[in-house]
Amino acid sequence: MKDMMPKFDLFQPADIETALKLLDKYGAKAWKMAGGQDSLDWFKDRAKRPDAVIDLSGIEALKGIRETAAGLEIGAMTTLAEIAANPIVKEKFGLLATAAGRVASPQIRTVGTIGGNVSQDARCWYYRSGLDCYRAGGNTCYAGTPQGMNREHCLFGASRCVAVTPSDTAPVMVALEAEFVIRSSKGERVLPADKYFIGPAVNITHMTVLEPGDILMTIRIPSKWAGAKFYYEKVADRNTWDFPLVNVASAMKVKADGVIEDIRIVCGAVECVPRRLNAVEDIVKGSPQNEDTATLAASSAARGAAPLNFNHFKIPLMENLVKRAIRDS
Amino acid sequence: MGNFGIGQAVRRVEDKRFLTGAGQYTDDINKPGQLYLHILHSPHAHADISSIDTTAAKAAPGVVGVLTQADLDALGIGDILNLAAPPHKDGRALEVPARPALARGRVRYVGEPVAAVVADTLANAKDAADLIEVDYKELPAVVDIADAAKPGAPLVHGTEAPGNVWTHWQLGDEAATKAAFEKAHKVVKIDLINNRIAPTAMEPRGALAEYDVATERYTLIQGSQGSHKLRDWFAKNILKVPLDKVRVISPDVGGAFGMKNFLFNEPIVAVVASKLYGKPIKWMADRAGSFLNDAHGRDQINHAELALDKDGMFLGLRVSSFGNVGAYLSQFGAAIPTMAGCAMLVGAYRTPAAYVDVRVMMTNTAPVDAYRGAGRPEAAYVMERLVDKASRELGIPAAELRRKNFIRPEDFPYKTALGHKYDSGRYAELMDAAYKRADVAGFETRRAAAKKNGKLRGLGISYYVEACAGGQGEQPHLKFDADGKLTIIIGTQDNGQGHRTVYAQIAADAFGIPIENIVVKQGDTDEVPTGVGTGGSRSIPVGGSAVRATLLKMIEHGKDIASNLLEASAQDIEFDAGAFKIAGTDRKVSLKDVIGASFDDAKRGDVKPGLYAAETYAPAGATFPNGCHICEVDVDAETGELEFVNYTIQDDLGYAMNPLLMEGQIFGGAVQGLGQCLFEHAVYDKETGQLMTGSFMDYTMPRAGNTPRFNYAYTEVPTPNNTLGIKGAGEAGTIGATPAVANAVIDALSAVGVTHIDMPMTGLKIWQAIQSAQSKSAA
């Protein structure tokens, strides 16, 4: 029955070591809770029933934005509101500030964290409603069937599951070549953003590499793209408090003569992971930043797309967003 | 006018309580020992119930009882009543099908209440509901109008209504209209879908029922739009007990929009269970339950034709509509697509002949009933889109076409071809004012500039007129306490509008006393002797005028007391600025002293003690609020996203009692109107009959970021139909906004060859319309 949270044990550790011990103790039965903006819905829907909830909000070491010699370090528990308003982020990585400011609503951004936002689970409503789909450990995909409602689903990378990354900030992390610092009781490891996110062909029950004993500690943003020309746009059914139908994040370096020297461009909500558009990058590098280049780039943006019954619109939408990103950033 | 009197933008006296969380809504109220009611909804759109096994549920932890309709029937509980029966055009009466509180042998829509569990906690009630085994035999279902009208369509109520047509109703003069069309120079036609809406009040419906064994009396606490109606229905139709055995209390109400007028299934079960189990019973709808079983709104399809002569003058209007009223008749459901709104189809124009033909259809969906505007928004949408289309097809600018045909100030009172007598208005003047404020003259320049930025700019106009605040009267009771505190007792029901503030303003204005000294009581049938309730924008025009009529009676009573105090004849006493004085002299006595004397047998003279009065006031007729909405939008052709650039409203709501609250009504109403136009749509799956928009994730409400900043002004053209000269403001914004926004979208898309789009005009639909227009032009 919905709307009633099942019973669980709540732990609110004050430091990482305690949290890691708890995670080891409960293993797959533990649930890591960051801002709780998604977790509580899972519980109320009774679609996830952890034995133990480890609330990370009391761990100060996971919070805050720090400038380092190499760039910026953002604690995983830093709120989206803080990132959107942070002067350094705004000055150097306006792309991230913009994207963080487009997540959901002011209330959710005030509580929701960057770690939670990039690591959130699929928003496929079949999966969310507790059906036994592939992602939930079952043996079917409801969204991919001929009757399935799949307007929000993927154009690329379907592998039994057709869900997409719903995050507004994840594409930015790939565009900015961010690194994800992960701790477990076994130690620390650092992964580039495009390795942090994983698709259904790799692991159908996970959206990220995080395993039960892992905690995402910090996201490092290297200086490489600081002050570049950025473009971010999110198209959703509503312009606040909604998930993207498609979003685009790009970082571009343009020479004085107007020629695009370097670029990274990534789309969200079209694949299970943020989709880096290598073909677009290759086309525009060395070309002038103008309408023609943008049009040419756009034509290759959705190459290889395999639309489902109800999401064909995402192809031209994606193309148009890429065109703008090249032309208008 | 006093400092806190009529016409002042007084801040709401309610707000401190609400903003500090001190409001008392139904769910804030709890009784010791209360049990919780949970309803099991039908998972099927249409099915026969062969059996319901409640054994396991009854044995579940914490369960006190499980009820089905068989139990209610055994107790002699009445079915839910219907109050609107528009007759067939051939004169036959409308057959009213039975609507039991819980399904009787058959379910007819997804979400129909089937069984009820009462338990010590809500969680236990919900868990036990999962254990009820209902044996359903599924039947074919039909959920939309077009399918229901097809030959061979599944029949929602068997042969009770052949072809699923509940009634085939007509209005107007068919022959005269036919003659008008025969001499037409041009006939403009339009086919429209008026999308189905879920009412989504912020506070879901709820009930707390209690039965007192000693007095054999039921008390029902329920947010409503009028507790007296509910009391009467419960006493007469449901429980079949004398009126005094039922008390209904409506505490604070968090939004109603028409839907909380009605008698629904769940409170009936709560009331019955409270006696059966001897404990207070709490029921609150959750959001999913609200989507499933609140009475929905709109859901019509309309075909309309306008006959014009060569100069663009309207000769006749012919409308043929289908209205979906769902699987059962909610109290006023059948009236909404017929009697409630159709007479407003002629709009603000002199249209000499009109004829309307409506089929009221039943489908396997939740009942449909009044939703903010109740028929008039549908009518305004038809006419204002039709006029816009005529303007395009005839090449006559929209303003000119409207102006030519407007009912002119000298025409009032104006009897329309569909039977209403319009009260007053200065339509052309208001439209001109709106055009000026919206800088329509500069629009083409702005459109060209927007085009350079890749935006399709559009301008949409509507001139709405609607009918409200007529009908029954209201009877308030006003009384002064010895300490000078005034109590206003009235049978209207605030749902968030700020009635207390406005009633207090009217009294403060008359008596010259501070608003703080005035208390407004509503909602409790034990404290308020009579009441008609809130709906149809009637509370301030009718209730306010009734307060005024009552306080004038009190002043007369005060004059009698003052005449005794001043030793003068009552005819020579006048009341002004808080004092009674002898006309033409400086001899006076204060209101305070008169109140004091009214309780003093030695001083008040030969009149009844105390200073109080009750007076019934009924309006002379309906009021016809009207105004011009001008909406300017940018459409992003590459994404289909829409952005409001400007939104101008010039309203005539008669005299403004409180401009601040009036604006609040208009802005909120307009957002509901644009919500229907751009986002909201309650969708049932055609195959399975399942409600596809069962949560806010799928049912798209407008959000602050989707709304324009309204540029608002008003012109006061008083109505002669109530003593305060007020026209109703509660629904006007919703009625004006929908066609204005729709016309703006079509104007924007006309640049790429789009001529038609139906609501809701979502980004996707706009974008698809652009795509298909472009691929057509490319072909």
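The numbers here are math on the coordinates, done by the rules we state, and not lab data. Just so it is clear, the model here is predicted, and its values are computed rather than measured. Using ideal geometry, Cβ is built from the backbone for each residue, glycine included, and neighbour counts are taken over all protein chains shown.
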Counting other Cβ atoms within 10 Å, which trypsin sites (Lys or Arg not before Pro) in the range B:271-331 have at most 14 and lie in a DSSP loop? B:K310
Below 13 Å, Cα to Cα, which aspartates and glutamates can B:K608 reach? Residues fewer than 8 away in the same chain don't count. B:E556, B:D560, B:D600
GNM on chain A, C-alpha springs below 10 Å: top fluctuator among A:A294, A:A178, A:A28? A:A28
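Which whole number gives the average count of other chain Cβ atoms within 10 Å of the Cβ atoms across peptide B:633-646? Let's see the in-between values first.
Details: counts 0, 0, 0, 3, 1, 9, 10, 6, 6, 1, 1, 0, 0, 0.
That average works out to 3.
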Mean separation of Cα pairs under 8 Å and 6+ residues apart, divided by the residue count of the range A:70-329: what relative contact order is that in percent? 21
Here the range B:351-356 yields Karplus 3J(HN,Hα) values (6.51, -1.76, 1.60; θ = phi - 60°; whole Hz; Gly and Pro given as x) of 10, x, 9, 8, 8, 10
Using a Förster distance of 56 angstrom, determine the FRET efficiency expected from the C-beta separation of B:A449 and A:D282, and round it to 0.05. 0.95
How much length is gained if the chain between B:Y277 and B:D48 is pulled fully straight, taking 0.36 nm per residue apart and subtracting their Cα-Cα distance, in nm to one decimal? 79.5 nm
Where Lys and Arg each count +1 and Asp and Glu each count -1, what net charge lies around B:N564 among other residues with Cβ under 9 Å from its Cβ? -1
What helices does chain B have that are whole DSSP H segments, at least 24 Å long along their own axis by Cα, and with mean Kyte-Doolittle hydropathy of -0.5 or more? B:545-566, B:659-678, B:732-750
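DSSP loop (so not H, G, I, E, B), at most 14 other Cβ within 10 Å: list which trypsin sites (Lys or Arg not before Pro) in the range B:671-729 pass both filters. Don't skip to the answer; put the middle values down first.
Details: sites: B:K686, B:R703, B:R709, B:K727; in loops: B:K686, B:R703, B:R709, B:K727.
Those satisfying the criteria are B:K686, B:R709.
Which order do B:E112, B:E643 fall in if you start with the one that has the fewest other Cβ atoms within 10 Å? Write down the numbers at each step before the final one.
Working: B:E112 28, B:E643 14.
Fewest-to-most Cβ neighbours within 10 Å comes out as B:E643, B:E112.
Can you give the extra length, in nm with one decimal, that the chain gains between B:T530 and B:I29 once fully stretched, where that is 0.36 nm per residue apart less the Cα-Cα distance? If you can, show how the numbers build up before the last one.
Working: separation 501, 0.36 × 501 = 180.36 nm, distance 2.41 nm.
Gain in length upon complete extension: 178.0 nm.
Expressed as a rounded percentage, what relative contact order does the range B:112-237 have, with Cα pairs under 8 Å and six or more residues apart? Don't skip to the answer; put the middle values down first.
Details: 57 pairs, mean separation 11.0, N = 126.
Computed value for the range B:112-237: 9 percent relative contact order.
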How many nm separate the modelled label positions at B:E174 and A:R46, each set 7 Å beyond the Cα in the direction of the Cβ? 5.6
Cα gyration tensor shape for the range A:70-329, rounded if a/c is under 1.5, else prolate or oblate: oblate
Would you give the gap between the C-alpha center of the range A:163-241 and the C-alpha center of the range B:326-353, rounded to a whole Å? 55
Inter-centroid distance (Cα atoms) of the range B:297-321 relative to the range A:27-49, Å: 55
Residue pairs, from the table A:K32/A:K186; B:K229/B:K485; A:K63/A:K92; A:K48/B:K58, whose Cα atoms sit over 22 Å apart: B:K229/B:K485; A:K48/B:K58
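Given a Förster distance of 22 Å, report the FRET efficiency between B:K553 and B:K592 from their Cβ-Cβ distance, rounded to the nearest 0.05. Mind dumping the intermediate values first?
Values: r = 19 Å, r/R0 = 0.89.
Here the calculated transfer efficiency is 0.70.
Any idea what the relative contact order of the range B:149-222 is, in percent, if you count C-alpha pairs under 8 Å spaced at least 6 apart?
Details: 34 pairs, mean separation 10.6, N = 74.
Reported relative contact order: 14 percent.
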Taking the Cβ of each residue in A:W225, A:W42, A:W31, B:W166 as the centre, tally the other Cβ atoms inside 10 Å and list the residues starting with the fewest. A:W42, A:W31, A:W225, B:W166
Residue order, fewest to most beta carbons within 10 Å, for B:V589, B:V165, A:V202: A:V202, B:V165, B:V589
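Rounded to the nearest 500 deg cm²/dmol, what is the calculated helix-only ellipticity per residue at 222 nm for chain B, with -39500 (n - 2.57) per DSSP H run of length n ≥ 4? Please list the in-between numbers first.
Working: 19 runs with 210 residues, N = 779.
Helix-only estimate at 222 nm: -8000 deg cm²/dmol.
Given the rule -39500 (n - 2.57) for each run of at least 4 DSSP H residues, summed and divided by the residues of chain A, what is its mean residue ellipticity at 222 nm, to the nearest 500 deg cm²/dmol?
Details: 13 runs with 96 residues, N = 329.
Computed mean residue ellipticity for chain A: -7500 deg cm²/dmol.
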Partner lysines whose C-alpha sits under 22 Å from that of B:K404, ignoring same-chain residues fewer than 8 away, are B:K183, B:K186, B:K189, B:K310, B:K389, B:K415, B:K421, B:K436
Tell me, how many Å apart are the Cα centres for the range A:242-320 and for the range B:735-766? 29
Where in the range A:167-262 are there trypsin sites (Lys or Arg not before Pro) that are in a DSSP coil and have at most 16 other Cβ atoms within 10 angstrom of their Cβ? A:K186, A:K255
Nitroxide proxy distance, nm - points 7 Å out along Cα→Cβ at B:T20 and B:K150: 6.1
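Apply the a/c threshold of 1.5 to the C-alpha gyration tensor of chain B and tell me whether it is rounded, prolate or oblate.
Numbers: a/c = 1.84, a/b = 1.09, b/c = 1.69.
Oblate.
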Which helices pass in chain A if a helix is a full DSSP H run, must span at least 18 angstrom along its long axis by Cα, and must have mean Kyte-Doolittle hydropathy not below -1.0? A:314-328
So, in nm, how far is label B:Q472 from label A:A226 when the simple model puts each one 7 Å beyond its Cα toward the Cβ? 7.3
